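Here the structure comes first, spelled out in structure tokens, and everything after it is commentary.
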Amino acid sequence: MVRSCSVGAAVNLGLASVLTLVLGGCGSFNLPSLSSSSSSPAGQEPGVAPEMPATIRPDEIVGRWGLASYQNPADRTRTEAAAKAQCKQPYVIGAGSSGGVIMHLADQATPQELRLKGSPGGKNYIGPPGPAGGEQDREIVSFDGRVLITRFTDQDAATRYGNMVYVRCGPRA
């Protein structure tokens, strides 16, 4: 009985060694593609487009803003007035250390540096690094230098927060 246990253990150890060698070599060669499409360029993940610059610069939105929100588009004018009234306690959009802006993400108590990102369709977004229109991004619905309107791309956050209206407090710096 002792002999059969040690033979079984030796076989298991041998199989484990062979599997280790075979699997260890998997990273050093590429298997041929079974699809008819050509492979993506080296260094770029398939389906991920390079980040496009936004048409709005971060320094254009840095500053002090009155903030309010609306769900119904008919309430936009009234909401802009309400946002302007909030300039007594402004929402501050700061300049980030690596070229972004300091703002809050949905449901986050601490602001962080976010990026302004463009998209092939011409839309602009504010969000963490990554593709434009990501789950944590907000779309810039409109911006004229004085009024900034954004909407979260995440449907749940968009429903809760609505269209965020930022009205610049005082003259533009």
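Just so it is clear, none of the values below were taken in a lab; they were calculated from the coordinates. The structure displayed is predicted, hence computed values, not measured ones. All Cβ positions, glycine included, derive from the backbone under ideal geometry; neighbour counts span all protein chains shown.
Summary table below
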quantity: Sequence-separation-based contact order of region 52-168, relative, with Cα cut under 8 Å and 6+ spacing, percent; calculated: 28 percent
quantity: Estimated dipole of region 52-168 in Debye, rounded to 20 [Cβ of Lys and Arg +1, of Asp and Glu -1, Cα centre]; calculated: 400 debye
quantity: Cut-off 9 Å between beta-carbons: net charge of the residues surrounding residue 100, Lys and Arg +1, Asp and Glu -1; calculated: 0
